[in-house]
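Taking it in order: structure first as structure tokens, then the write-up.
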Amino acid sequence: MIERRYLLGVDLAKALDFTSFAVIEMVYDGIKGDFMYHLRGLDRIRGVDYPTIVKLIVDAIKNLDSLNKWPNEFSDGPHLCMDASGLGAPIKDYLKQAHALTGPKKLYPVVFTGGERARFDPDTKNYNISKMLMISNFLSLMQHKRFDYAPDLQALPLLEQEIASFKYHLTPGGRTTADAATGQHDDLISAICIPLMIGEWKFRRGKVVPII
């Protein structure tokens, strides 16, 4: 039986940044003997209020849920893999009030941290993951040809621009980190990296994943 699910990645806006959305289809490939990640949708917006963002998330979950029916296949979700830092707390509250995630649909809130570690916080229920680790996971999936994207995505040129502008540098504490170059955005990359990391951590059973 083939295992397949949708993961909705959301990177929430901070100040003048964009809120970005990524739809990832995660499916087990019997030939490769591993999971593949297909980027099926990518978009971003800015200048909208909390209720509008919540409505967009709820509508996206409903749309994916209607597509989440494959005969003779195991499926769960769709799951929301969301940036939980900054705006994350009020957005999570709105989503709970809207009863957007019930049954097999789960919320995976992710908080970006420093260093190169990842852990689940049982008190906040957040997944604290370093951006460096998420970027490394993203690059590894591309290198091993386990991540691809639809060539007709309208936001694809923006994504390629973000990838090209990403820089590695040392923090004052001597740690290596990765961020967009000054004046550039990294919201699309983040919206993709969050569900990819959750996919590897929570659903890639029986495989070695880069979690400490």
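The values are calculated or read from the model by the stated rules, or taken from the named source; none is laboratory data. Every value quoted in this text rests on a predicted model; they were computed, and no experiment measured them. As a convention, Cβ positions derive from the backbone with ideal geometry for all residues, glycine included, and neighbour counts pool all protein chains shown. What goes into the accessible areas is simple: the full protein's heavy atoms, side chains included, and nothing from ligands, DNA or RNA. Shrake-Rupley method; radii C 1.70, N 1.55, O 1.52, S 1.80 Å.
Here are the numbers for the structure shown:
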{"item": "Which numbered condition Pro157 misses (of (1) at pLDDT below 90; (2) over 17 Å from Ser20 (Cβ atoms); (3) part of a helix (DSSP H, G or I))", "result": "(2)"}
{"item": "Qualifying residues in the stretch 1-40 (those that are without any contact (Cβ under 8 Å) to a residue 24 or more places away in the chain and assigned to a strand (DSSP E or B)) - the one most open to solvent (accessible area, probe 1.4 Å)", "result": "Asp29"}
{"item": "Matching residues in the stretch 47-71 - criterion: being touching a residue at least 60 places away in the same chain (Cβ under 8 Å) and open to solvent by less than 60 Å² (accessible area, probe 1.4 Å)", "result": "Asn68, Trp70"}
{"item": "Which listed residue is closer than 17 Å to Val23 by Cβ, within 19 Å of the chain's Cα centre (by Cα) and modelled with pLDDT of 90 or more, from Met197, Met142", "result": "Met197"}
{"item": "Test: Phe74 is surrounded by fewer than 16 Cβ atoms within 10 Å (Cβ to Cβ) and in a strand (DSSP E or B)", "result": "yes"}
{"item": "Of the criteria (1) crowded, with 19+ Cβ neighbours inside 10 Å; (2) in contact with a strand residue (DSSP E or B) (Cβ under 7 Å, 6 or more places away or on another chain), which one Phe138 fails", "result": "(2)"}
{"item": "Subset of the stretch 90-123 (residues that are surrounded by fewer than 16 Cβ atoms within 10 Å (Cβ to Cβ), over 17 Å from the mean Cα position of the chain (by Cα) and not in a loop (DSSP other than H, G, I, E, B))", "result": "Pro90, Asp93, Lys96, Gln97, Asp121"}
{"item": "Candidates Phe120, Phe112, Phe74, filtered to the one that is at pLDDT below 85 and under 24 Å from Glu25 (Cα atoms)", "result": "Phe74"}
{"item": "Which listed residue, of Ala164, Ala150, is surrounded by fewer than 16 Cβ atoms within 10 Å (Cβ to Cβ) and without any contact (Cβ under 8 Å) to a residue 12 or more places away in the chain", "result": "Ala164"}
{"item": "Filter result (exposed (fewer than 15 other Cβ atoms within 10 Å of the Cβ) and of a type in the set (Ser, Thr, Tyr)) within the stretch 124-135", "result": "Thr124"}
